[in-house]
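J.: Sharing a structure here in structure tokens format.
No value in this document is a laboratory result; all are computed from the given coordinates. All figures in this text were calculated on a predicted structure; none of them were measured in a lab. Neighbour counts run over all protein chains shown; Cβ positions are idealised from the backbone, glycine included.
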Amino acid sequence: MKIGIIGAGRIGQAVARRLVTAGHEVMLSNAAGPESLAAVKKALGGKAHAGTVQDSAAYGEVVFVAIPVAAMYDLPAAELDGKIVVDATNYYPQRDGQIPELDDGSIGSSELLARDLPGSRVVKAMNTMSYVRLAREAKPAGAAGRLAIPLAGDDLPAKEIVSGLIDDMGFDPVDAGTLADGRDQQPGTAVYDRPLETEGVRAALARP
């Protein structure tokens, strides 16, 4: 599958490495432009490419977004129209500035993204695990101690595809419900930045 990745920081690079290892083609992008990604592209090998943000959005059948929440407003909606967009972002007010509707909990960051990208099929995933675990702790399906990653969204076929990619990356996917339920994956929740297996994720998501 062709995968676009918008944001080439630690999470974006870890996701790219896991996907390339699984045999997918990826195109990384960032605000600085493809020239800044030459070393990353070389390290990832022949299945990795670099492009502009618009290139990456157009290239991917699925597009991962791993950027600051404050930068979401600059995403290319036209190129992402109809695409599955995996929201790996997290809202940190100290970095992103105060966003009142996120601060008061009336909306989650993935719902905010979906509102800005009305033609996209948004799935929240890959935001709960550190880049170190993503890079180092993948295991084959069925292996003991395999860590799990929750995903949330309103489009069931899109979630099935993203679940398959999470499995390809070496982790167990756990359906966490609707996109609104994705608020239970945000920083400070019971599943955030914790090394949990499938039953542990399910138990954590069941907590009030």
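J.: How big is the Cα convex hull of segment 112-152 in projection, averaged over all directions, in nm²? Can you show the working numbers first?
T.: Numbers: hull surface 15.7 nm².
For the Cα atoms of segment 112-152, the hull's average projected area reads 3.9 nm².
J.: How big is the chain along each principal axis, measuring the range of its Cα positions in Å and listing the largest first?
T.: Over the chain, Cα extents along the principal axes are 46, 42, 32 Å.
J.: Then there's this: Separation of segment 42-57 and segment 113-140 by C-alpha centroid, Å?
T.: Comparing the Cα centres of segment 42-57 and segment 113-140, I get a distance of 18 Å.
J.: While we're here: Charges on Cβ only, +1 for Lys and Arg, -1 for Asp and Glu, centred on the Cα centroid of segment 2-205; of Phe171, Thr128, Ala78, which one is farthest towards the dipole's positive end?
T.: Result: Phe171.
J.: Charges only on Cβ, +1 for Lys and Arg, -1 for Asp and Glu: so what's the dipole of segment 14-68 about the Cα centre, in debye to the nearest 20? Before the final figure, lay out the partial values.
T.: Values: 5 positive and 4 negative charges, 52 e Å.
Its charge dipole is roughly 260 debye.
J.: Charges only on Cβ, +1 for Lys and Arg, -1 for Asp and Glu: so what's the dipole of segment 2-205 about the Cα centre, in debye to the nearest 20?
T.: Dipole size: approximately 880 debye.
J.: Mind checking which of Leu147, Leu179, Leu156 has the largest fluctuation in a GNM of the chain, springs on alpha carbons under 10 Å?
T.: Leu156
J.: Something else now. What three numbers, in Å, describe the spread of the alpha carbons of segment 128-180 along their principal axes, ordered from the longest?
T.: Taking the Cα atoms of segment 128-180, the three principal extents are 30, 21, 14 Å.
J.: Taking springs between alpha-carbon atoms closer than 10 angstrom, which of Asp103, Asp184, Asp154 fluctuates most in the Gaussian network model of the chain?
T.: Among Asp103, Asp184, Asp154, the largest GNM mean-square fluctuation belongs to Asp103.
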